[in-house]
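*Asks:* The structure's right below; bear with me while I get my questions together.
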């Protein structure tokens, strides 16, 4: 491989490394891997080119890169803000979940009460329609002897009462189910609309901070600039 071809290959490799992205997964490609890759590339280049052709500019650019990579990267301010945002988001999520649990619990209570009233209504209707329907007056001898008797029972009154209660239960059930649906779909008409909006804003800000932190820890702009600077120094070697 001649000198010009070696320079071209090294320059292209540096440009690719400058644009390389890191993996966020544990054990993935990191800044340390990248730094070793760049140094291996440049070591091989210098060995093949020979020390006589290496310029002071090139050496200065390489030293600048290694010095920069050796500095500790601090993201403490970002981490602090993210921790505060996570805490606030957690409070909102708990508030939303508590309200949702309350509505779900109320729906369950309404279903239980609805079932109980339905059973009682059927029983009352059977008794009112059957041959053993309750008598509405006390016995003749009881009245004659002046005994205390229970107030006359009116089956129709109880039936109407149960029907009205079932209608109320159904109306409340419908309303609670409507609230639950609006919660789950994050409707702007939901009682929790303000909480959803605040939570959405917090999540958006956390995402911005995560991207900012990734940029700072991966030295995205700096790596691109420094590899481009070294590539430029390589291109001027003769």
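The values are calculated or read from the model by the stated rules, or taken from the named source; none is laboratory data. Since we're looking at a predicted model, the values are computed, not measured. Here the Cβ positions follow ideal geometry from the backbone for every residue, glycine too, while neighbour counts run over all protein chains shown.
*Asks:* Scan the helices (runs of 4 or more DSSP H) fully inside the range 150-238 and keep the ones with 2 or more residues being closer than 30 Å to residue 54 by Cα and modelled with pLDDT under 90.
*Replies:* Numbers: elements: 155-184, 193-218, 220-235.
Of the helices (runs of 4 or more DSSP H) lying wholly inside the range 150-238, those with at least 2 residues that are closer than 30 Å to residue 54 by Cα and modelled with pLDDT under 90 span 220-235.
*Asks:* Taking into account only those residues within the range 17-53 that are farther than 16 Å from residue 222 by Cβ and within 34 Å of the chain's Cα centre (by Cα), which is modelled with the highest pLDDT?
*Replies:* Out of the qualifying residues, it is 33.
*Asks:* Given 110, 121, which one is out of contact with any strand residue (DSSP E or B) (no Cβ under 6 Å at 6 or more places or on another chain), modelled with pLDDT under 95, closer than 30 Å to residue 165 by Cβ and buried (at least 16 other Cβ atoms within 10 Å of the Cβ)?
*Replies:* On the way: 110 fails: modelled with pLDDT under 95.
Of 110, 121, the one residue that is out of contact with any strand residue (DSSP E or B) (no Cβ under 6 Å at 6 or more places or on another chain), modelled with pLDDT under 95, closer than 30 Å to residue 165 by Cβ and buried (at least 16 other Cβ atoms within 10 Å of the Cβ) is 121.
*Asks:* Within the set of pairs 6 or more residues apart or between chains, which connect a residue that is under 21 Å from residue 6 (Cα atoms) inside the range 48-77 to a residue that is loosely packed, with under 13 Cβ neighbours inside 10 Å with Cβ atoms less than 9 Å apart?
*Replies:* Partner pairs satisfying both residue conditions: 48/1; 53/238; 55/236; 55/238; 57/236; 58/236.
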